[in-house]
Amino acid sequence: MVKVLLLPLILLLTSKTGACRPRHKEICVKEGEMVALQCPSHINHNSDAKPIWTSYATQEVDLTNMSSAEQRQMGVQVYGMSLVILSASENHQGNYSCSLGNVSSQLWFMLTVNTAQSREYEERTKYSKTCYAQESCKLNCPDVNIPAENIPNITRNSITWHKEGESLSKDGYFSSVEEKDHGVYTCTRSYLYHGQTYNMTFTVVLDVKPKKSEKTAVIVSPRKNDVFHVDLGSTVVIDCKAVTYSDFDGVFWLSGKSFVDKKANLSVFYNCTRENNAEEIKMTASLVFRKVSEEDLSKNYTCKLETVYQTSSFVTITLIKKACPSYISLALSVVGILVVMAVALVIYVKLKIDITLFLRDTLGCHSSGSDGKSYDAFLMYYKSDTDEGLNAHDRRWLESVLEETFGYRLCLYDRDVLPGKAAAEAVLDCTEQSRTVVLVPTSPDPGPGSGLLSAIHAALVERQTRLIFIKTETTEMSMSGSLHEALHLLTEAGDCVTWKGVSSMPPSSSFWKQLRYHLPVPQHAPKMRLLPQTIQDVALW
């Protein structure tokens, strides 16, 4: 008894080690039914050796050496490679083995006897069958764990079928199955042993599906009446693709009612390829035009699929010469773009000053970095060669509007330059501290004079000083030869703004817009006059 209990543990441990892993087979049987254990033929390497059947159900028992009477008393019969349990009970549940006396050729069976109908047992003993409506259908009773036909004293009877408790007279055969035949069927195998009948029952679930659709050979592409746009003289290949299910089907091309040849040296020919898959055949017939001609455009070409089991199908295609591309719309688009660009350019040229000032004043679109300069501009007055320079009133107005209205910080010679300093040196110092130099013609001369321009001309050019030259209308008229040579060179290097007298005085006039356009953005620093405070300051200046 101890050995029987230790057997499952031994099986478990040996299966995990992998060194001597025993072979075993699990079998489920319903209580009261017959079951047969079959030792596989490949285990009997020596045909002279006799298989040994051993039962470990209640205790270890050598079934092979038992007499026929003893076997019948246990409800079993051993015949060669087969062990038949006539009516399974709880006493038969357990482990069995067949061997040739050698552990290496031993096979294990684990028999489970189900005393009640369980879901697990139903799932393990349920078999399925699929049939299609309006077709013949034959239900096969499973031949799982049934006795061999050559066992003495066991006779096989006919198989009976039931559907959910009802007997069937069809013996599991339907000449034309219908969807109403769907359901669960039970087949019973009966065996006669010494005048007593023993049964084996199996469950078969029949699933009736709608009638299978017939597989139809079809042309996949091109579609009917397809039109192909081609260029004359070009090479064109048109593929006709079809799916068929018979080796006797074929695809070819027709020109009108005539067959297109397969000879590759012709101007128009076709070739065919075939690809066989598991369930279908894919064929491609390629129609080749070496050089499309006017004659080809006048013909209709047909791809035809010839089949054995259905009506032939075909598609017809047409070649059409490609239309020449129209450049009118392209030309109109280009002209429209050019017109828009020209209008935008004209608007920008006319309004660039207003646009720039608007972006500066309203949106603050300007560089705010500091350049270390003390002044925004240095107003340098010089004696005009004509009588029409800016008078004292105009000069004061110019200074006032720039400082008070627009916030520029100015360097003025008569205000910010200390007395006693050399004129040229003082002018260069103011230039160095200012971001821009504005040259203003005056009458009479309040500043260092126009002769000073010759002395500082080279320094201004070398330092690349930003210059703005204010002209009067009289200066414009006499500009050809009356200006001093140095002044003339400076005006060419800078920007010019024309003062037109009274019309230029309003801050909204064109003069102020142009002047502010050329001037840098004011730094808005607080105005401070550099007045000498001590004798030491004067000496240092």
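Taken together, the criteria place Ser478 among residues that are at pLDDT below 70 and not aliphatic (A, V, I, L, M).
Screening Ser221 with (1) in contact (Cβ under 8 Å) with a residue 40 or more places away in the chain; (2) surrounded by 13 or more Cβ atoms within 10 Å (Cβ to Cβ); (3) closer than 30 Å to Glu295 by Cα; (4) among the polar types (S, T, N, Q) gives one miss only, at (1).
Here's the yes/no breakdown for (1) modelled with pLDDT under 90; (2) within 25 Å of Val220 (Cα to Cα):
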{"residue": "Asp247", "(1), (2)": "yes, yes"}
{"residue": "Phe269", "(1), (2)": "no, yes"}
{"residue": "Cys272", "(1), (2)": "no, yes"}
{"residue": "Lys282", "(1), (2)": "no, yes"}
{"residue": "Val335", "(1), (2)": "no, no"}
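Per this entry, Thr235 is not counted among residues that are touching a residue at least 12 places away in the same chain (Cβ under 8 Å), β-branched (Val, Ile, Thr) and either touching a Leu at 6+ places or on another chain (Cβ under 7 Å) or within 30 Å of Val184 (Cβ to Cβ) (or both). Among the residues of the stretch 65-99, those identified as more than 19 Å from Tyr193 (Cβ to Cβ) and either in contact with a strand residue (DSSP E or B) (Cβ under 7 Å, 6 or more places away or on another chain) or crowded, with 18+ Cβ neighbours inside 10 Å (or both) are Glu90, Gln93, Gly94, Asn95, Tyr96, Ser97, Cys98, Ser99. Of all residues in the stretch 292-334, those being farther than 16 Å from Val260 by Cβ and among the basic types (Lys, Arg) number 2. Restricting attention to the stretch 403-438, the residues that are without any contact (Cβ under 8 Å) to a residue 60 or more places away in the chain, under 16 Å from Trp512 (Cα atoms) and part of a helix (DSSP H, G or I) add up to 1. Is one or more of the residues making up the stretch 253-271 assigned to a strand (DSSP E or B), outside the structural domain of Thr155 (by TED's automatic domain parsing), surrounded by fewer than 18 Cβ atoms within 10 Å (Cβ to Cβ) and under 39 Å from the mean Cα position of the chain (by Cα)? Yes, that holds for at least one residue. Take Gly372 and tell me if it is over 20 Å from Arg516 (Cβ atoms), modelled with pLDDT under 90 and not assigned by TED's automatic domain parsing to the domain that holds Pro507. So Gly372 passes the test. When you look at Thr125, is it among the β-branched types (Val, Ile, Thr), touching a helix residue (DSSP H, G or I) at 6+ places or on another chain (Cβ under 9 Å) and within 16 Å of Asn145 (Cβ to Cβ), yes or no? So Thr125 fails the test. Here Ser286 meets each of (1) at pLDDT 85 or above; (2) among the hydroxyl-bearing types (Ser, Thr, Tyr); (3) assigned to a helix (DSSP H, G or I) with one exception, condition (3).
The values are calculated or read from the model by the stated rules, or taken from the named source; none is laboratory data. In this text the structure is predicted, and so the values were computed from the model without any measurement. Reconstructed Cβ throughout: ideal geometry from the backbone, glycine too, with neighbour counts over all protein chains shown.
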